[in-house]
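The values are calculated or read from the model by the stated rules, or taken from the named source; none is laboratory data. These numbers come from a predicted model, not from an experiment. Every residue, glycine as well, gets a Cβ built from its backbone with ideal geometry; the counts of neighbours run over all protein chains shown. Please note that ligands, DNA and RNA were not included when accessible areas were found on the heavy atoms of the full protein model with its side chains. Shrake-Rupley method; radii C 1.70, N 1.55, O 1.52, S 1.80 Å.
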Amino acid sequence: MAILKILTDEDPTLRMTSRPVTEITPRIIRLIDDMRATLKKSGGVGLAAVQVGVLRRVVLVEDADGSVLELINPEIIEREGEQHELEGCLSVPGRWGITDRPESVTVRALDRTGREFTVSGTGLQARCFCHELDHLDGILFTDHARMLTEEEMAQLSGEEEDDGQDG
Ligand code: NI
């Protein structure tokens, strides 16, 4: 498994729309495996294929128990409630903001064998599903978050560092 380079927000690729996966080829499987290795090394909680320069609708999201969910052609089919929490992105290093997200979501996707499944997440995981799916449509959290000021960031770095999310 290879560690892939994660694109950062000045890269125009991040603004492009990813295409659905029409066939789960060995190349797609290799992409997912490489993304898993890349996510693990990054310390983030989610990763979209576009972040490693591949415009395919594939995302990884860390599960509540720390295992990594693989989602191909994911779609949010239910949203409930709201939350306003801190969010970051591996492609926007060092910047954080408060986003408005649903408190829980249900996502439908294919797994690597092509089987359809649904998965629900709340809190951090719901934020992560929304954040990663946004990437597939060229949306970054900075487009709609209230970004923290430098003072707020300095205050934050003096506190717990892993309250937020990097994806
Ligand atoms: Ni991100």
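Please name all residue pairs, on different chains or six or more residues apart, with Cβ atoms under 6 Å, provided the first residue is in region 53-71 and is closer than 19 Å to residue 8 by Cβ and the second residue is among the small types (Gly, Ala, Ser) and assigned to a loop (DSSP other than H, G, I, E, B).
Between residues of region 53-71 that are closer than 19 Å to residue 8 by Cβ and residues that are among the small types (Gly, Ala, Ser) and assigned to a loop (DSSP other than H, G, I, E, B), the close pairs are 55/18.
Would you mind telling me which numbered condition in (1) in contact with a Gly (Cβ under 7 Å, 6 or more places away or on another chain); (2) open to solvent by less than 10 Å² (accessible area, probe 1.4 Å) residue 71 fails?
With respect to (1) in contact with a Gly (Cβ under 7 Å, 6 or more places away or on another chain); (2) open to solvent by less than 10 Å² (accessible area, probe 1.4 Å), residue 71 is out only on (1).
Is region 110-121 home to any residue that is of a type outside the set (Gly, Ala, Ser) and farther than 18 Å from residue 69 by Cα? Please lay out each step first, then the result.
Keep residues of region 110-121 that are of a type outside the set (Gly, Ala, Ser), which gives 110-113, 115-119.
So of that shortlist, the ones also farther than 18 Å from residue 69 by Cα come out as none.
No, the conditions are met nowhere in region 110-121.
Take the residues in region 139-167 that are part of a loop (DSSP other than H, G, I, E, B) and at pLDDT 90 or above; name whichever of them is least open to solvent (accessible area, probe 1.4 Å).
In this case the residue turns out to be 140.
Could you list all residues from region 19-55 that are open to solvent by less than 40 Å² (accessible area, probe 1.4 Å) and within 13 Å of the ligand (Cβ to nearest atom)?
Result: 35, 38, 39, 44, 45, 46, 47, 48, 49, 50, 51, 52.
Filtering region 9-18 down to residues that are open to solvent by 40 Å² or more (accessible area, probe 1.4 Å) and touching a Leu at 6+ places or on another chain (Cβ under 9 Å), which residue is modelled with the lowest pLDDT?
Looking at the filtered set, the residue picked out is 9.
Of (1) assigned to a helix (DSSP H, G or I); (2) under 18 Å from residue 50 (Cβ atoms), residue 126 satisfies all except one. Which?
(2)
Taking only region 130-147 into account, find how many residues are farther than 18 Å from residue 61 by Cα and within 16 Å of the ligand (Cβ to nearest atom).
Count: 5.
Given the options 39, 55, 4, name the one that is of a type in the set (A, V, I, L, M) and either within 14 Å of residue 129 (Cα to Cα) or touching a Leu at 6+ places or on another chain (Cβ under 7 Å) (or both).
Criteria check complete, one pass: 39.
If you take the residues in region 74-97 that are open to solvent by less than 40 Å² (accessible area, probe 1.4 Å) and not aliphatic (A, V, I, L, M), which one is nearest to the ligand (Cβ to nearest atom)?
89
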